[in-house]
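Colleague: Would you mind keeping the following structure in view while I ask a few things?
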Amino acid sequence: MIMPATAELPADDFAYLCRLMHERAAIVLEPGKEYLALSRLDPIARHAGVRSVAELVDVLRGEDVASPLHEQVVDALTTNETTFFRDHSPFESLRTHVLPELIEQRRRSRTLAVWSAGCSSGQEPYSIAMAIREYFPELLTWQLSILGTDISPSVLDRARRGRYGQLEVNRGLPAHLLVRHFTRVGMEWEIEEPIRRMVRFERHNLVQGWPTLPPFDLVFMRNVMIYFDRDAKCDVLAKMRRQLSPFGYLLLGASETTYNLSEDFDRELDGRTAWYRPTRTDPVGGVGR
């Protein structure tokens, strides 16, 4: 018989989880977050047949760090928070300023590459796809690529399914877009196939080695670096600078900045939205196409 999980997590067990998250995802799990570890890992402990999160940590210590159980734990302790058209202002800037400029820049090649880094369950890249379909239908005749990546396999599975609960579609999704692009399936709403086909999802860990990726014209990487330490932030920004096309746009979270982390970006304000672009004085000029 499996007993209920204990309500306390020994300090050395929590320290192990902190090291694991830092090594695997550069996520800083701060003291005081023991309750978070307990609540998120209790279901995994029960499924693994142990009585507590502390016993789960004992099992982890005896397994290879690349084991499926380690993957489940890292997945569970990763924060995945997102909404459709989150914060509104960036999407208004995207519609009125960013995409019109990128269309002019890329009109000759008729190519546009977009990346939602840390996309969670897919609302962000799907929002970008809906915005393009609504306001820039000419891009549907281009070689258009929208990539959504995340470290968590479970949220990527949800993103690929494209199904969302009522609370999720109520958060940020305009009613006319819900009617136009979603179908009710039982207790969920399923995004229509044309929108789903516009986005591909892949697993990607920003703080580990990056696979070969194309240059991107537009990157959303919002509320991802807030969980990283300074070294990881600097490393990710350096790699992102090399990945961004010469006239590309990078969007960070409202509380994030490149200040004191990278000199490779210029901050460009459009209304209430701050975009980051490759520094104009850089003689290399980014990744060309």
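Colleague: Would it be correct to say that SER154 is more than 27 Å from PRO100 (Cβ to Cβ) and under 21 Å from the mean Cα position of the chain (by Cα)?
Modeller: Judged against the criteria, SER154 is a match.
Colleague: Counting only residues that are at pLDDT 95 or above and either within 29 Å of PRO246 (Cβ to Cβ) or touching a Ser or Thr at 6+ places or on another chain (Cβ under 7 Å) (or both), give me the strands (runs of 3 or more DSSP E) lying completely in the stretch 175-233 with at least 3 of them.
Modeller: On the way: elements: 182-185, 188-191, 199-203, 216-221.
Strands (runs of 3 or more DSSP E) meeting the threshold: 199-203, 216-221.
Colleague: I need the full set of residues from the stretch 234-260 which are surrounded by fewer than 18 Cβ atoms within 10 Å (Cβ to Cβ) and in contact with a Leu (Cβ under 7 Å, 6 or more places away or on another chain), in order please.
Modeller: Passing the criteria: only CYS234.
Colleague: Let me ask another. Taking GLU188 as the residue in question, decide whether it is surrounded by fewer than 18 Cβ atoms within 10 Å (Cβ to Cβ), touching a Leu at 6+ places or on another chain (Cβ under 7 Å) and not aromatic (Phe, Trp, Tyr).
Modeller: no
Colleague: Which of (1) out of contact with any Pro (no Cβ under 9 Å at 6 or more places or on another chain); (2) surrounded by fewer than 18 Cβ atoms within 10 Å (Cβ to Cβ); (3) polar (S, T, N, Q) is the odd one out, the single condition SER120 does not satisfy?
Modeller: For SER120, the failing item is (2).
Residues are listed down the side, and each one gets a yes or a no for (1) over 18 Å from GLU71 (Cα atoms); (2) polar (S, T, N, Q):
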{"site": "SER116", "(1), (2)": "yes, yes"}
{"site": "ILE132", "(1), (2)": "yes, no"}
{"site": "SER145", "(1), (2)": "yes, yes"}
{"site": "ASP150", "(1), (2)": "no, no"}
{"site": "PRO153", "(1), (2)": "no, no"}
{"site": "ASP157", "(1), (2)": "no, no"}
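Colleague: Additional query: If a residue counts only when it is touching a strand residue (DSSP E or B) at 6+ places or on another chain (Cβ under 7 Å), which helices (runs of 4 or more DSSP H) contained entirely in the stretch 19-134 have at least 1 such residues? Please lay out each step first, then the result.
Modeller: Numbers: elements: 34-48, 53-61, 68-76, 89-93, 99-106.
Output list reads 89-93, 99-106.
Colleague: Kindly indicate whether any position in the stretch 234-242 is closer than 29 Å to HIS22 by Cβ, small (Gly, Ala, Ser) and assigned by TED's automatic domain parsing to the domain that holds ILE128.
Modeller: Yes, that holds for at least one residue.
The values are calculated or read from the model by the stated rules, or taken from the named source; none is laboratory data. All figures in this text were calculated on a predicted structure; none of them were measured in a lab. Don't worry about glycine lacking a Cβ; one is built from the backbone with ideal geometry, like all the others, and counts go over all protein chains shown.
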